[in-house]
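Just dropping this structure here.
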C-alpha cells in the first residue's frame, strides 16, 4: 500500500516539470502570469496523493491554507536571505515561493503536525516531522538552489531571467526527489527480510 | 616547545609565498627591454615642422569630455568649448581624435607608452606607487640628444620616470598621489606654465610639458556626475584658451598638444580596459596655419604619438617604438613618414628577433610592405599584432612549479597538524623556503633563479613523502557540508561569469551553510544556536546589500556603496551610522560576554571604554573627512585610535594574569576552566585591537566590519553547533562576503588608494599597510578571531596552539582558493578575460593568503607566549591533540 502511494507520488511529482516544459516559452515571456496559471495544476498534483493516502480532507484543506500563506511567507524570507532581490521583482519571488511552499511544505504539513515549541525540546523533532516527505522537501529546495547556478552565466539567454531557472530547478528537483524516494522505499522494502536484525537493533536504540 | 606552532606557521607561510611567487614569475608577463638608442640614417632625415612644442596632459581627459555632444545630458558634456570652436572654425589648424590607450590605464603605464611607443606588459602595472626611471629609448631622450631643452611641471610621475631630463630651473613637479586635493597641483601647474610662456622665459625651452591632475582627482573623489568635474573642465577650458592666445603671439612655429592619458569609467575610476577607460582624447593645434590634413580613421592609438612627435620635430623615432604616424599630422609627408617608420620598426623587429626566435621568425615571414600608405599601414599593424601577441606569452615552467608548491602546501595544511619531523629539519626547510623567496624577488642572478625553485620543490616533495612513509599523512575526515560549500567556492573559478558575480555566490553558499546548521541545531534542540546562526545569516544578507558593482555586473546590480546627495547630507548619514556603531558594538560585545557566563570584570569594563574611545575617534575622523575639514585633526584622530589599540594590546598582556582569576568563576560560583578563560581573554584582546582594522575601512566599511564583528561574536556563542571544518568554511565565506560589502571588488580599480593618507599627508611606509588593511580588513578580523570560534569538543586549541589551529584553517583555505584560481588562470591563459577577471581574482586570492598567513603568525606568537606562560602548558590536552 505504502509502495503504491509512493509510485503515485512519483507520477504526480513529475506533473509540474511536464507542465513547465510545455509552457516554457510562456514562462520566459511572462513568469508571474504563467506561474499563476500553473499553480492550480501543481496544487492538484500534490493534493491527489494526499487524498489517496487517506488523510482527512479537513486536514488537507488546513495544510493548503497554511502552506499557501505562512509557508509562502517563510520561503519568501528564505529566498531573500539567500540573495533574492528585495526592492524589485516582488511578484516573481512571491510566485516562486508559493510554488515551492505547495510542493515542499504541503505534504509534510498534512502527514504530520508541525512541531510545536514543546516538541522542539525533544531531539530529532524536525526529522520526525519531515519523515515521509523528504523527497518533496529536499527535492524542491535543493532543486531550487541548484537552479540559481545558471543565472550569472553570460550566455544572454532569455530563460536566465529571474525566477525561471529556479522555478524549473524546483520542478526538476521535485520529480527527482519523489522518484528517488519511491525507489528508495522499494529497495528498503525488498531488502527488509534480509536486514531484519539491524532494523530491530535500530528500534532498541 | 612553545615555538613549535610558530615554526610550523612560518614554514607553511613561506611555502605559500614560494608557490605564489613562482606562479607569478611565469604568469605575469614580461617584455625584454632593448637598450639601443635610435640613430637617424641619412636617408631618413626630415626637416622639423615645428620649433617648439607645448604639451598639456590633462589626466583622465575622456574623448566625450572634449568632443561636441549634440544631446548634452551629463554635467561634463560640452565644457571644453574652446577646443570645439577651434576644430569647427579652423579645421586645418587643429584636429581632434580619439586616443585609444593600451590597458592597464594607470598613469605610469600610459606615460611609458606615450614616450617610448612600446606596449605595456603586466609586470609594471603594480608599480604605480613609485615610478622608476625609464631605461629604454624615448622621445624625451632623443630631444635631449638633439640639444633641445625640456621644461616640465605637474604630476611627479614624470620626474620619477625621467630624472635628470628636465632643465633644473624649468622643473616643477608636484605630489600626485593625494587624490583628495583637487586644486593644489593645478594651481602650481597654472602658475609655472603661463610664467614660462611669458616673453621673458619662452626662449629658454624648446619642449614644455604640463600635466594637470584636477580632472582625474575630481573623478576619483566625486565620480563623473558631479559639479566639481564640471568646474575642473571649465578651468581646463580657460587654460587652453590662454595657451592658444599665448602661442599665437610667439614668432616660432609652435605645436600645442592637449591630450588625456586615459579616460574614466562611470564611477570616475580607471585602471582597467573598459571602453570608457581607454577612450582618451588628443587635440593638436598648430600656430603655423593650416597644415593638418583629414583622415578616414576614427581613432589613433596612444603609441602613435611617438613616431608622430618625432617626425614633427625632425628627431629619430625611439628604438622600441611600435607606433604608426598619425595621418592628420602629416598631410603632405604622410607616405614619407610611413616609410621611415616601417624601416625603424624593421630594425627593431630584427634586433628583437635575435633574442626571441619566434618573433624573429614571424616578422621575417611577413611580406615586405607595399610602397603605398595602405601597404605600410598594414605592415605596421601586422608587426604590432605579432609583438602584442608574443608579449602575451606565458612561461609555463615556473607556473607549473608554483602550482605544484601550492598544491603540496595545501595538502600539508589540510592534514591535522602534528609533529612528524625533527625541529631541525623543519628549520632547514624553512630557511630554504625563505631563501627561495628572497632569490625570486630580490636577486636576479640566473643561477639562483634556475636552481632555487628546484631545491624548494625537492624539499616539499621530501617532506610530503616523509609524511607518506611514516603514514602520518592523514587528511581530516571528509565531511559533506563543508566540502560541498568549499567546493562550490572553488568551482566558481571555472567561469568568468561566476567570478564576476562572486559576491552573490558567496552569500548563497554562506546562507546554505548557516541555514543547514541552524536546522540541525534546531533538530538537536539547541534553539539558542539556531537563533544565533539565523541572526548571523540575517546580518549577512543586510551587509550584502552594501554593493559596489564592478562594471561587468552593471545591468544586474545597483551600486549604493558610494553615497549620493550633498556633502552635508552625506556627513549627516555618516555621523549617524557611525554613532550607532559606537553605541551598539561595545554593547553587543558586552551582551555576548555576559551570555558566555563572564561576570563583569576589570577587563570587560576597560574593554568597553577602549572600544568606545576607538569608535568615537573613527566617527570623528570620517565625519571630518566627509566635510573635508581640518586634515590635521583627522590625522590626530587616526593616530589616537592606533595608539589606543596598541596600548590595549600591551596592557592586555599585563592584566591578563590578574583578570584570569576574576574570570575563572561565573556569577553563580561555578568554575569555568582555563579553556574558557583563555577564550574570553583572547576575544577581549582582539576586540580592543579591532579599531586598528576598522580605522582603515571607509564609513560604510566600518558599519560592515562592525556587523561582521557582531556575527563573529554570535558564532562564538554558537560555536558548538558546527564542526571545526564547517566553521572554518563559514568563516572563509564570511570574510569574502565582507570583502565585497566593504566596497571592494576583485578588480584593480576598486582598490581604495585614498586610505593611504589616513595617518600622514604624504606617502610613508605605513601607507601600503593601510591600503592592505583597508582591502583585507575582513580577512584579518576573521583570522584573528578564529581561535576563539573553535568548539569546546576540540578542546585545547586556544590554550595549546592557537597559531597552529588558526593557521591550518583560515589561511589553508585561502591557499587552496589561490591554488584553484591559479590553475584556472593557467587553463584560461588565452581567454579574452584573463587580465580583466581571472588575473585580478588570482592576485586577490594570493594577497589574502599572504595576509592571513602574516596575521596568524603575528597574532599567534604573542598569544601563545602569553597564554601559554600564564596558564602553563595543558599537558593532557596537548597529548590528546597530538595523537
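The values are calculated or read from the model by the stated rules, or taken from the named source; none is laboratory data. Computed from a predicted structure; not experimentally measured. Virtual Cβ from ideal backbone geometry, glycine too; neighbours counted across all protein chains shown.
Just to check your reading of the model, which residue among B:191, B:210 is touching a strand residue (DSSP E or B) at 6+ places or on another chain (Cβ under 6 Å), over 27 Å from residue B:383 (Cα atoms) and at pLDDT 90 or above? Working first, answer last.
Details: B:191 fails: touching a strand residue (DSSP E or B) at 6+ places or on another chain (Cβ under 6 Å).
Criteria check complete, one pass: B:210.
Is at least one residue of region A:173-181 within 14 Å of chain B (Cβ to nearest Cβ) and on the phi < 0 side of the Ramachandran plot?
So far as region A:173-181 goes, no, none of its residues is within 14 Å of chain B (Cβ to nearest Cβ) and on the phi < 0 side of the Ramachandran plot.
Out of B:188, B:245, B:200, I need the residue that is part of a loop (DSSP other than H, G, I, E, B) and out of contact with any helix residue (DSSP H, G or I) (no Cβ under 9 Å at 6 or more places or on another chain). Which one?
Exactly one residue qualifies, and that residue is B:200.
Continuing with the same structure: Considering only residues that are part of a helix (DSSP H, G or I) and either away from chain A (no Cβ under 11 Å) or within 17 Å of residue B:700 (Cα to Cα) (or both), look in region B:541-563 and name the one that is modelled with the lowest pLDDT. Spell out the reasoning first.
In the first step, residues of region B:541-563 are kept if they are part of a helix (DSSP H, G or I); the result is B:541-544, B:551-556.
Filter once more, keeping what is either away from chain A (no Cβ under 11 Å) or within 17 Å of residue B:700 (Cα to Cα) (or both): B:541-544, B:551, B:554.
Details: B:541: 95, B:542: 93, B:543: 93, B:544: 92, B:551: 80, B:554: 75.
Filtering first and then ranking leaves B:554.
Which pairs do you get when a residue that is at the interface with chain B (Cβ under 7 Å from one of its Cβ atoms), found in region A:115-135, comes within reach of a residue that is part of a loop (DSSP other than H, G, I, E, B) and surrounded by fewer than 14 Cβ atoms within 10 Å (Cβ to Cβ), reach meaning Cβ atoms under 9 angstrom, with the pair 6+ apart or on two chains?
Close Cβ pairs (under 9 Å, with a partner that is part of a loop (DSSP other than H, G, I, E, B) and surrounded by fewer than 14 Cβ atoms within 10 Å (Cβ to Cβ)) amount to A:125/A:116.
Given the structure, is residue B:590 closer than 30 Å to residue B:722 by Cβ, more than 14 Å from every other protein chain (Cβ to nearest Cβ), without any contact (Cβ under 8 Å) to a residue 24 or more places away in the chain and touching a helix residue (DSSP H, G or I) at 6+ places or on another chain (Cβ under 8 Å)?
The answer is yes for residue B:590.
Here are A:65, A:33, A:22: which of them is under 19 Å from residue A:137 (Cα atoms), exposed (fewer than 14 other Cβ atoms within 10 Å of the Cβ) and at pLDDT 90 or above?
On the way: A:33 fails: under 19 Å from residue A:137 (Cα atoms); A:22 fails: under 19 Å from residue A:137 (Cα atoms).
Only one candidate qualifies: A:65.
Of everything in region A:63-83 that's touching a residue at least 40 places away in the same chain (Cβ under 8 Å) and more than 17 Å from residue B:534 (Cβ to Cβ), which residue is farthest from the other protein chains (Cβ to nearest Cβ)?
A:64
Looking at B:538, B:533, can you tell me which residue is at pLDDT 90 or above, at the interface with chain A (Cβ under 9 Å from one of its Cβ atoms) and in a helix (DSSP H, G or I)?
B:538
Sticking with this one: Only residues that are farther than 16 Å from residue A:124 by Cβ and in contact with a helix residue (DSSP H, G or I) (Cβ under 6 Å, 6 or more places away or on another chain): list them for region B:518-534, please.
Hits for region B:518-534 are B:532, B:533, B:534.
Find the helices (runs of 4 or more DSSP H) located wholly in region B:346-431 whose residues include 2 or more that are under 30 Å from residue B:842 (Cα atoms) and modelled with pLDDT of 75 or more, and list them.
Ranges flagged: B:373-390, B:396-414.
Oh, and also: Only one of A:179, A:172 is within 22 Å of the chain's Cα centre (by Cα), modelled with pLDDT of 90 or more and farther than 20 Å from residue A:23 by Cβ. Can you tell me which?
Going through A:179, A:172 in turn, the sole match is A:179.
Here's another thing I want to ask about it. What are the residues in region A:72-110 that are crowded, with 18+ Cβ neighbours inside 10 Å and not in a helix (DSSP H, G or I), if any?
Step one: list which residues in region A:72-110 are crowded, with 18+ Cβ neighbours inside 10 Å, which gives A:72, A:75-76, A:79, A:81-84, A:92-110.
Selection gives A:82, A:83, A:84.
Tally the residues that are within 21 Å of residue B:543 (Cβ to Cβ) and at pLDDT below 90, restricting the search to region B:590-622.
The number of residues fulfilling the criteria is 2.
Right, something else. What pairs come out if I take residues in region B:513-529 that are more than 11 Å from every other protein chain (Cβ to nearest Cβ) and pair them with residues that are assigned to a loop (DSSP other than H, G, I, E, B) and crowded, with 18+ Cβ neighbours inside 10 Å whose C-beta lies under 6 Å away, six or more apart or interchain?
What qualifies is B:517/B:722; B:529/B:718.
Filter region B:490-501 for residues that are in contact with a helix residue (DSSP H, G or I) (Cβ under 6 Å, 6 or more places away or on another chain) and either facing chain A (nearest Cβ under 9 Å) or crowded, with 22+ Cβ neighbours inside 10 Å (or both); which is nearest to residue B:720 (Cα to Cα)?
So the residue we want is B:492.
Quick check on residue A:43: is it away from chain B (no Cβ under 14 Å), surrounded by fewer than 21 Cβ atoms within 10 Å (Cβ to Cβ), free of Cβ contacts under 8 Å to residues at least 40 places away in the same chain and not in a loop (DSSP other than H, G, I, E, B)?
Answer is no for this residue.
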